[in-house]
Amino acid sequence: MAGGLGTQSRILILGGGTWGCSTALHLARRGYKNVTVLDAHPIPSPISAGNDVNKIVEQGCFTDGDDEAAVAQTLLHAANEGWQKDPVFQPYYHDTGYIVAGSSPKAIERLVDREVRHQASSFRKLTTAEDFKGTMPTGVLTGDFPGWEGYYKPSGAGWVHARKALVSAYNEAKRLGVNFITGSPEGKVKSLLLEDGDVRGAITADGVEHRADRTILAMGANAPQLLDFENQLRPTAWTLAHIPMTEEETRLYKNLPVLFNIEKGFFMEPDEDKHELKLCDEHPGYCNWVDQPGSALPQSVPVAKHEVPASAERRMRDFLREIMPHLADRPFTFARMCWCADTRNRAFLITYHPKHPSLVVASGDSGHGFMHIPSIGGFIVDCMENKLQPNFAKSWRWRPETTRDFWGRDVLDRFGAGNKMLDVNETREEGWTNVNATPLTVA
Ligand code: FSA
């Protein structure tokens, strides 16, 4: 690898989203004095997946073998320590409990195998509509829960206010001296600065060269626009929408456990500031396939969009009809596609690049990256300092040998929407929500 590092080394982070801000914070805490973050948008960026009212924090792990399981456990522990003890993050964690459910035998079997059986004594089984309704105050869950089976864990899981936690990490990193250059053109990265086969920084859209001893590529689903990932990342999007709630409803809905049906969708309590309830329909994800010149395989390219396909809206309303039919027809006030970066086995991709000795890649959140914001930056800095534990380094390695063929249709153990990958291009005929035209008054 490239030459030695010290606290005066110039470290450049590309991307000021969840992992970029976490890395900036951890670098500053370790005493690095010369850290710069570039982002095309002011933080919190409207295209960062972390710019969201809430995200789930739970124990579920997605593993394929003992080594991966050990890594997942250590990671989870580190994240939970941060949510419980780190003053930068602790105020945003809500230990409200968590209900995980399914509607088909296959999904139920999978969730028991993936989550419940590892901590069987913390979960209570829910089989009838009454069982589900009993987990929340009267009047919240009013549906019939047709065919549902679930497991309820009253504590040790919950949700976090994602945007506030992201901004908190950013503010603390800034307070500790990290330099953030945001907005376009000055923060927009046009290309990596390649010299003698290495990456010596980045060039922004205003033509400025930002030279660095180490460059950390933390641009999530947008990272493949700067570097050839050899088919290891698949940008994939999920869909969310908000519905307005009255003040009275917001009070009734306070401190609810998270409810996640792994083939239908999930919700958490309404946002305390705007009194909006965020909803997600669950599915294996949307890709936007584009044939790229010079690339043998089509690539999924993120498209930022503050709307969702009409079929996603339909699925959200179907989900509501099963659990809270009184809200099923309420207009949306906000909708959005949220882009993540899947890897083929859903393990992160955090490693030095094999050909560019000063470049660290930090991507591959695989749809479970946000909850690690308190700690992931520490692992990324460990990687930069060549201190990652061997099992982590192995799990998060550069691994193009696993992605030589097209894996764009792999659902990666997810369910919903017919258990098939979705394509943004197929939504052209059905259209999109038109949230701006939707009246904002509560029916
Ligand atoms: O278990 C979790 O961490 C929930 S992540 C929420 C979600 O929308 C997933 O439901 C989806 O499958 C994808 O991984 C993106 O994140």
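The values are calculated or read from the model by the stated rules, or taken from the named source; none is laboratory data. Every value quoted in this text rests on a predicted model; they were computed, and no experiment measured them. Cβ: placed from backbone, ideal geometry, glycine included. Neighbour counts: every protein chain shown. We work out accessible area using only protein heavy atoms, side chains counted, and drop any ligands, DNA or RNA first. Shrake-Rupley method; radii C 1.70, N 1.55, O 1.52, S 1.80 Å.
I need the shape label for the range 230-273. Rule: rounded when a/c is under 1.5, else prolate if a/b > b/c, else oblate, with a, b, c from the alpha carbon gyration tensor.
Working: a/c = 3.42, a/b = 2.46, b/c = 1.39.
Prolate.
Could you state the principal axis extents of the C-alpha atoms in the range 30-124, from the largest down, to the nearest angstrom?
51, 28, 26
Any of K164/K305; K190/K355; K188/K305; K133/K305; K174/K387; K55/K305 with alpha carbons more than 29 Å apart? Name them for me.
Cα-Cα > 29 Å for K133/K305; rest within.
Report H77's accessible area, 1.4 Å probe, all protein chains in place, as a number in Å² to the nearest 10.
Probe radius 1.4 Å; accessible area of H77 about 120 Å².
With Rg and the Kirkwood Rh both taken from Cα atoms, where does Rg over Rh land for the chain? Please list the in-between numbers first.
Working: Rg = 21.4 Å, Rh = 22.3 Å.
We get a ratio of 0.96 for the chain.
Tell me the accessible surface of H306 in square angstrom (1.4 angstrom probe, heavy atoms of protein chains only), to the nearest ten.
Here the residue's solvent-accessible area equals roughly 80 Å².
Got a sec? Which residues in the range 237-257 would a label at W289 touch, if it sits 7 Å along Cα→Cβ and we count backbone N under 19 Å?
It comes to 237-238, nothing else.
Which values of log₁₀ I(q)/I(0), to two decimal places, follow from the Debye formula for the range 226-313 at q = 0.15, 0.21, 0.24 Å⁻¹ with a uniform point scatterer at every Cα?
Log10 I(q)/I(0), no solvent term: -0.71, -1.02, -1.17.
Which values of log₁₀ I(q)/I(0), to two decimal places, follow from the Debye formula for the range 194-245 at q = 0.13, 0.17, 0.25 Å⁻¹ with a uniform point scatterer at every Cα?
Relative scattering, expressed as log10 I(q)/I(0), comes to -0.50, -0.70, -1.11.
Which whole-angstrom value gives the distance between the alpha carbon centres of the range 150-217 and the range 382-401?
Result: 20 Å between the Cα centres.
In debye, nearest 20: dipole of the chain around its Cα centre with unit charges on the Cβ of K, R (+) and D, E (-)?
On the way: 48 positive and 56 negative charges, 155 e Å.
Approximately 740 debye in magnitude.
Search the structure for amide H atoms under 5 Å from the amide H of S45, placed 1.01 Å from N in the peptide plane, and list their residues when 5 or more places away or on another chain.
none
Could you tell me which of Y352, S363, S311 has its Cα farthest along the dipole of the range 302-368 towards the positive end, charges placed at Cβ (Lys, Arg +1; Asp, Glu -1), taken about the Cα centre?
Of the candidates, Y352 comes out farthest on the positive side.
Leaving ligands, DNA and RNA out of it, work out the accessible area of Y170 with a 1.4 Å probe and give it in Å² to the nearest 10.
Here the residue's solvent-accessible area equals roughly 40 Å².
Do any trypsin sites (Lys or Arg not before Pro) in the range 268-377 lie in a loop, going by DSSP, with at most 15 other beta-carbon atoms within 10 Å of their beta carbon, and if so which?
Numbers: sites: K274, K278, K305, R314, R315, R317, R321, R336, R344, R346, K355; in loops: K274, K305, R344, R346, K355.
Of the trypsin sites (Lys or Arg not before Pro), the ones in loops of the range 268-377 whose Cβ has at most 15 other Cβ atoms within 10 Å are K274, K355.
Pop out the carbon and sulfur fraction of the accessible area of the chain as a percent, whole number, probe 1.4 Å. Before the final figure, lay out each step's value.
Values: 8810 of 17720 Å².
About 50 percent, which is the carbon plus sulfur part of the accessible surface.
In terms of solvent-accessible area of protein heavy atoms at a 1.4 angstrom probe, what is the ranking of M268, M421, highest value first? Write down the numbers at each step before the final one.
Working: M268 0, M421 35 Å².
Final ranking, largest accessible area leading: M421, M268.
So which aspartates and glutamates can K106 reach, going by Cα to Cα under 13 Å and dropping same-chain residues fewer than 8 places off?
By straight Cα distance, K106 reaches E149, E263, D413.
Would you calculate a helix-derived [θ] at 222 nm for the chain, using -39,500 (n - 2.57) for each DSSP H run of n ≥ 4 and dividing by the full residue count, to the nearest 500?
Numbers: 9 runs with 96 residues, N = 443.
That calculation yields -6500 deg cm²/dmol at 222 nm.
For the range 1-55, compute the orientation-averaged projected area of the C-alpha convex hull (one quarter of its surface), in nm².
On the way: hull surface 19.2 nm².
Dividing the Cα hull surface by four gives the mean projection, 4.8 nm².
Return the Rg/Rh ratio of the range 273-354 with Cα-based radii and a Kirkwood Rh.
Computed over Cα atoms, the ratio is 1.09.
What GluC sites (Glu not before Pro) does the range 314-414 have in DSSP loop regions with at most 16 other beta carbons within 10 Å? Please report the intermediate quantities before stating the final value.
Details: sites: E322, E385, E401; in loops: E385.
Answer in residue order: E385.
In square angstrom, what is the accessible area per residue of the chain with a 1.4 angstrom probe? Walk me through the numbers on the way to the answer.
Details: 17720 Å² over 443 residues.
I get 40 Å² per residue for this part.
Quick one: which residues, 5+ away or cross-chain, put their amide H under 5 Å from the amide H of F334? H built at 1.01 Å from N.
H242
What does the charge dipole of the range 137-206 about its Cα centre add up to, to the nearest 20 debye, if the Cβ of each Lys and Arg holds +1 and the Cβ of each Asp and Glu holds -1?
Details: 8 positive and 8 negative charges, 69 e Å.
With Lys and Arg at +1 and Asp and Glu at -1, about 340 debye.
Across the range 361-443, what fraction of all alpha-carbon pairs, as a whole percent, falls in each successive 5 Å bin from zero upward?
Computed distribution, short to long bins: 3, 9, 13, 15, 13, 14, 12, 9, 6, 5, 2, 0.
Might you report the magnitude of the Cβ-based charge dipole of the range 115-274 about its Cα centre, with Lys and Arg at +1 and Asp and Glu at -1, to the nearest 20 debye?
On the way: 19 positive and 23 negative charges, 69 e Å.
The calculated dipole for the range 115-274 is roughly 340 debye.
Please tell me the relative contact order of the range 271-311 in percent, rounded to the nearest whole number, where contacts are Cα pairs under 8 Å and at least six residues apart.
On the way: 23 pairs, mean separation 10.2, N = 41.
RCO, the range 271-311: 25 percent.
Tell me, what is the FRET efficiency for K85 and N419 to the nearest 0.05, using R0 = 35 angstrom and their Cβ-Cβ distance as r? It would help to have the intermediate numbers written out before the result.
On the way: r = 39 Å, r/R0 = 1.12.
Efficiency at R0 = 35 Å is approximately 0.35.
Mind checking which of H94, V53, I373 is farthest towards the positive end of the chain's charge dipole, using Cβ charges of +1 (Lys, Arg) and -1 (Asp, Glu) about the Cα centre?
The one lying farthest along the dipole's positive direction is I373.
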